[in-house]
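**Q** This is the structure, below, for whatever I ask next.
The values are calculated or read from the model by the stated rules, or taken from the named source; none is laboratory data. Predicted model only: the values in this text are computed from it and were never measured. As a convention, Cβ positions derive from the backbone with ideal geometry for all residues, glycine included, and neighbour counts pool all protein chains shown.
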């Protein structure tokens, strides 16, 4: 599903209304009617609703919702944020229509809202239709005052299009907002619905088609989209009945150090579980036993050179001898931060001619030697979490500007950036970005990132292009975490457990051929 920004939604409205001669009030009617139907379905026993309506189109949607809730037999109170003379166009028309019905419509004041709340015998559901997608700055009175009044009341809240005060175009939360239990949005979801920290204010996202034609959406050149089941089914490469292991790639994994042998062992384990044909792991000798114990299917080469505990430039010649014929290289899991390992990476990078994934301490070495970023091979995939991205990009407050920083970084260094975290972002150097919707907080545990690296590597080995392998791997990783969470709860999600269910979650999505 595509994810739009404010300018794109406005252009869609313009084309539909001006060029296609489609009455704008019909779009508002469709939005309000569908939203009201959904609200009734979500809260079938609820009889009391309080609608907050701003003066723009979002408020107009709220007035339509109020009308349909009243016609469905619900008790409805409407509070206007401004005087009725401020309601123009379609919002004004719907204000006039609503006034023909016995629905209480009053302008917000502290006293008026207290009176409204007293009239309800039970706590109402709050409908937030104050502001739409247009807000880009700090809130002012009276909207700011209304939000500050209602926020502490913690009423069940349904946001119309988005919680009022969020910037639709970013993941930033620059204002206090009414935290929504559900957000009902129209035609396409907006960036703030799925990019943190703003997305944490939105609750469940439900998107309605209000009648903007597909050909209109096609003209918008939207480059951001959600990673979902449809994406997996669209990109899945079916296995031929006469296939052999050579058809599914040979991935080389390089990393490990004495105190973090488990990291690279888990990467290898996930790579095998995600379907790679062959997997070779190169580690310091001190890590070899850990890899062999967890993943006997991998061919493990322990370097017995001058240092057994971490990788040094002296290992380059041995590694270069086995790089030929590999489908992809994964670099960094468990590598450690030894200075010699930085020199190792600096020497190795120019020799890599196949798709490369850099993770964990591989990223920390790049951050310490940012000149190396310019020498990354084309199609390189970097998988930083917020802390690693802060060091790589030398940007502050990365968690507040995740989308902006990830997209800028990918363009600057011509790489694919997998910005890990809730709603993982996959930004492409071409400017496109995928936003992940799978995963859960239980995945915030040791080794989770190593599993992701192994999955992406396995997909590269199976001939998925880097631009597909990265988002597909992110989504499958999240789905595996969700599967374990459903079985045993968030606190019990472990990295190796996620790897163990990879094949099943993939099968559940694409329904690929059985093994019979």
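**Q** Could you figure out which of (1) out of contact with any strand residue (DSSP E or B) (no Cβ under 8 Å at 6 or more places or on another chain); (2) assigned to a loop (DSSP other than H, G, I, E, B) isn't true of residue 121?
**A** (1)
**Q** Out of everything in segment 1-26 that is in contact with a strand residue (DSSP E or B) (Cβ under 8 Å, 6 or more places away or on another chain) and in a helix (DSSP H, G or I), what residue ends up being surrounded by the fewest Cβ atoms within 10 Å (Cβ to Cβ)? Show your work before the answer.
**A** Of segment 1-26, the ones in contact with a strand residue (DSSP E or B) (Cβ under 8 Å, 6 or more places away or on another chain) are 1-6, 9, 12.
Remaining after also requiring in a helix (DSSP H, G or I): 6, 9, 12.
Numbers: 6: 18, 9: 23, 12: 21.
Restricting to residues being in contact with a strand residue (DSSP E or B) (Cβ under 8 Å, 6 or more places away or on another chain) and in a helix (DSSP H, G or I), the top hit is 6.
**Q** Which condition does residue 404 not pass, out of (1) in contact (Cβ under 8 Å) with a residue 40 or more places away in the chain; (2) surrounded by 19 or more Cβ atoms within 10 Å (Cβ to Cβ); (3) not in a loop (DSSP other than H, G, I, E, B), if it passes all the others?
**A** So the condition that residue 404 fails would be (2).
**Q** Name, by its number, the condition in (1) under 17 Å from residue 464 (Cα atoms); (2) surrounded by fewer than 22 Cβ atoms within 10 Å (Cβ to Cβ); (3) at pLDDT 95 or above that does not hold for residue 243.
**A** The single condition residue 243 does not satisfy is (3).
**Q** Which of the numbered conditions does residue 399 fail, given that it passes all the others? Conditions: (1) surrounded by fewer than 24 Cβ atoms within 10 Å (Cβ to Cβ); (2) in contact (Cβ under 8 Å) with a residue 60 or more places away in the chain; (3) touching a helix residue (DSSP H, G or I) at 6+ places or on another chain (Cβ under 9 Å); (4) within 21 Å of residue 453 (Cα to Cα).
**A** Here residue 399 meets the rest and fails (4).
**Q** Now for a different question. Kindly indicate whether any position in segment 78-90 is modelled with pLDDT of 95 or more, part of a helix (DSSP H, G or I), farther than 23 Å from residue 174 by Cα and in the same structural domain as residue 31 (by TED's automatic domain parsing).
**A** Yes, segment 78-90 contains at least one residue that is modelled with pLDDT of 95 or more, part of a helix (DSSP H, G or I), farther than 23 Å from residue 174 by Cα and in the same structural domain as residue 31 (by TED's automatic domain parsing).
**Q** Something else: With the condition kept exactly as written, say whether any residue in segment 92-99 is part of a loop (DSSP other than H, G, I, E, B), at pLDDT 95 or above, over 35 Å from the mean Cα position of the chain (by Cα) and within 23 Å of residue 24 (Cβ to Cβ). I'd like the intermediate steps shown before the answer.
**A** In the first step, residues of segment 92-99 are kept if they are part of a loop (DSSP other than H, G, I, E, B); the result is 99.
Applying the additional criterion that residues be at pLDDT 95 or above yields 99.
Imposing the further condition that a residue be over 35 Å from the mean Cα position of the chain (by Cα) reduces the set to 99.
Within this subset, residues satisfying the condition of being within 23 Å of residue 24 (Cβ to Cβ) are 99.
Yes.
**Q** Is there a residue being surrounded by fewer than 21 Cβ atoms within 10 Å (Cβ to Cβ), outside any helix (DSSP H, G or I) and at pLDDT 95 or above anywhere in segment 47-66?
**A** Step one: of segment 47-66, the residues surrounded by fewer than 21 Cβ atoms within 10 Å (Cβ to Cβ) are 47-48.
With outside any helix (DSSP H, G or I) added as a condition, the list becomes 47-48.
Add one more test, that the residue is at pLDDT 95 or above, and what stays is 47-48.
For segment 47-66, residues surrounded by fewer than 21 Cβ atoms within 10 Å (Cβ to Cβ), outside any helix (DSSP H, G or I) and at pLDDT 95 or above: present.
**Q** Could you tell me whether residue 237 is farther than 28 Å from residue 347 by Cβ, touching a residue at least 60 places away in the same chain (Cβ under 8 Å) and assigned to a strand (DSSP E or B)? Even if it seems obvious, please write down each step before you answer.
**A** Values: farther than 28 Å from residue 347 by Cβ: yes; touching a residue at least 60 places away in the same chain (Cβ under 8 Å): yes; assigned to a strand (DSSP E or B): no.
So residue 237 does not fit the description; no.
**Q** Which ones in segment 107-118 are in a loop (DSSP other than H, G, I, E, B) and surrounded by fewer than 17 Cβ atoms within 10 Å (Cβ to Cβ)?
**A** Start the filter on segment 107-118 by keeping residues that are in a loop (DSSP other than H, G, I, E, B), which leaves 108-109.
Of everything in segment 107-118, just one residue is in a loop (DSSP other than H, G, I, E, B) and surrounded by fewer than 17 Cβ atoms within 10 Å (Cβ to Cβ), namely 109.
**Q** Being part of a strand (DSSP E or B) and over 28 Å from the mean Cα position of the chain (by Cα) is the filter here, so list the residues in segment 248-296 that pass it.
**A** First, the residues of segment 248-296 that are part of a strand (DSSP E or B): 250-254, 278-284.
Those that are part of a strand (DSSP E or B) and over 28 Å from the mean Cα position of the chain (by Cα): 250, 252, 254, 278, 279, 280, 281, 282, 283, 284.
**Q** When you scan segment 247-260, do you find a residue that is surrounded by fewer than 18 Cβ atoms within 10 Å (Cβ to Cβ), out of contact with any strand residue (DSSP E or B) (no Cβ under 8 Å at 6 or more places or on another chain) and over 21 Å from residue 301 (Cβ atoms), even just one?
**A** yes
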